[in-house]
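Written out below as structure tokens is the structure these notes cover.
The values are calculated or read from the model by the stated rules, or taken from the named source; none is laboratory data. Treat the numbers as computed from the prediction; the structure is a model and nothing was measured. Cβ placement follows ideal geometry from the backbone for every residue including glycine, while neighbour counts extend to all protein chains displayed. Heavy atoms of the whole protein, side chains included, go into the accessibility calculation; ligands, DNA and RNA do not. Shrake-Rupley method; radii C 1.70, N 1.55, O 1.52, S 1.80 Å.
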Amino acid sequence: MRLLHTSDWHLGRSFHRESLHEAQRAFLDHLVAVVRTHGVEAVLVAGDVYDRALPGLDAVTLFDEVLHRLADLGVPTVFISGNHDSARRLGVGAGLIQRAGIHLRTDPDGCGTPVLLADQHGPVAVYGLPYLEPALVRERFGLARGGHATVLGAAMDQVRADLAARPAGTRAVVLAHAFVTGGAPSDSERDIAVGGVASVPAGVFDGVHYAALGHLHGAQTLAPHLRYSGSPLAYSFSEARQRKTMWLVDLAADGEVSAERIDCPVPRPLACLRGRLAELLEEPGYAEHEQSWVQVTLTDPGRPSEPMERLRRRFPHTLQLLFEPAEQPAEAPVSYAARVRGRAELEVAESFVRHVRPGVELAPGERSLLRAGFEQVRLDQHDRAELPR
């Protein structure tokens, strides 16, 4: 069976205030063309369809249009909700939409109920595991405690139990939205550490033939049967060197997997330039970046006058300007943003407590209170997103 694995569309997202609406439309056009021309038999979308729980009308329109186009092709498509999506909103009308071959898997109670497909070699069971926020699903899985690894493990236990009751030779595919140990993150993914340890071991997915993963924005292979497709577009300058693709996956009769990458359209290349302003404005070697989306880090010892305006005369699509003087005083202060960049929310809070209580480490109970506080904020945000408007 030939599968097309994609994820992390983030419909409605912008790039440093630059609209990506037309770029996202071009990607969806490309996806439909790939389905049509490459003999794809099922499409797998592993979460973060939207960029936020309350998507704008333009984003919803794009999603509605691609649903109709996929349904018209008669190719089954399985979506799961990601941590950016509102599961309840994305799942509205799932029962009715399923009649058109579009399967929206957003309910944790359905983890052990597959979408059943078949080819000339027999049945293929596709299990959609939506993003599982530990605090919201523990009770539903009969768990008193535990983080991401625990709840995802419980969901996979349901998958394996259902698979064991199916005819011998049934091939199993799982969609999941999670941070699997060994994956390489980017700056544009939302932290999911609160509620327990963020990463889950790859062994959680033992017993299935292919796991189509979402959440990390760089395409990567953790094992032949365990892959991230990555996002189809770059959503941060940390992704400047990433090749944006989808996986075209062939699932053999015995469950063996082979896969190739299908490139996605690039609306505009990304460039991260570093140096003194005069050098950037005059160096001929930078000509290739004049039509790129550009991030500039200036290393001048003093801040030049009107740097953004001057840069945009040569690089009109300069979107981000940073300052890191190459000749800093020995005791130059480090900005708060630089100190916390790339750190999880809970880690930042723990560092603050240590700062105001020098020499006193956090007690286990204090760390638990901080974690509970962040978890409650996350739950409150989830509840607000799910309220009818």
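Data table
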quantity	calculated
Built amide H within the under 5 Å cut-off of Asp51, gap 5+	Leu11, Arg13
Protection proxy ranking of 211-217, 47-53 - average other beta-carbon atoms within 10 Å, highest first	211-217, 47-53
Added length on full extension, which subtracts the Cα-Cα distance from 0.36 nm per residue, Arg274 to Glu309	10.9 nm
Antiparallel %, DSSP beta bridges [both residues in the range 1-110], to 5	15
Rounded if a/c under 1.5, otherwise prolate or oblate - the range 108-189, Cα gyration tensor axes	oblate
Those GluC sites (Glu not before Pro) in the range 209-267 that DSSP places in a loop and that have at most 13 other beta carbons within 10 Å	Glu256
Carbon/sulfur fraction of accessible area - the range 1-117, other protein chains in place, 1.4 Å, %	50
Probe 1.4 Å, accessible area per residue of the range 21-85, Å²	36
Per-residue ³J(HN,Hα) for the range 164-177, Karplus 6.51 cos²θ - 1.76 cosθ + 1.60, θ = phi - 60°, Hz, x for Gly and Pro	5, 8, 9, x, 4, x, 5, 8, 10, 10, 10, 9, 8, 10
Beta bridges by DSSP in the chain, antiparallel share as percent, to the nearest 5	35
Karplus 3J(HN,Hα) series, Hz, for the range 93-106 with 6.51 cos²θ - 1.76 cosθ + 1.60 (x for Gly, Pro)	x, 4, x, 6, 5, 4, 4, 8, x, 9, 10, 9, 9, 10
Gyration tensor (alpha-carbon) shape descriptor, the range 1-120, a/c threshold 1.5	oblate
FRET efficiency estimate (nearest 0.05) - Cβ-Cβ, Arg25 to Glu290, R0 25 angstrom	0.45
Where labels lie 7 Å past Cα in the beta-carbon direction, separation of Ala252 and Thr37 in nm	2.8
Burial ranking of peptide ranges 267-273, 297-303, 174-180 (average Cβ count within 10 Å, highest at the top)	174-180, 267-273, 297-303
Shape category assigned to the chain from the gyration tensor of Cα positions, a/c cut at 1.5	oblate
Karplus-derived 3J(HN,Hα), 6.51/-1.76/1.60, for each residue of the range 294-303, Hz, glycine and proline x	10, 10, 10, 10, 8, 10, 4, x, x, 6
Extended-chain gain in nm, criterion 0.36 nm per residue less alpha-carbon gap, Glu65 and Arg243	61.5 nm
Fully extended contour minus Cα-Cα distance, from Asp157 to Ala118, at 0.36 nm per residue	11.7 nm
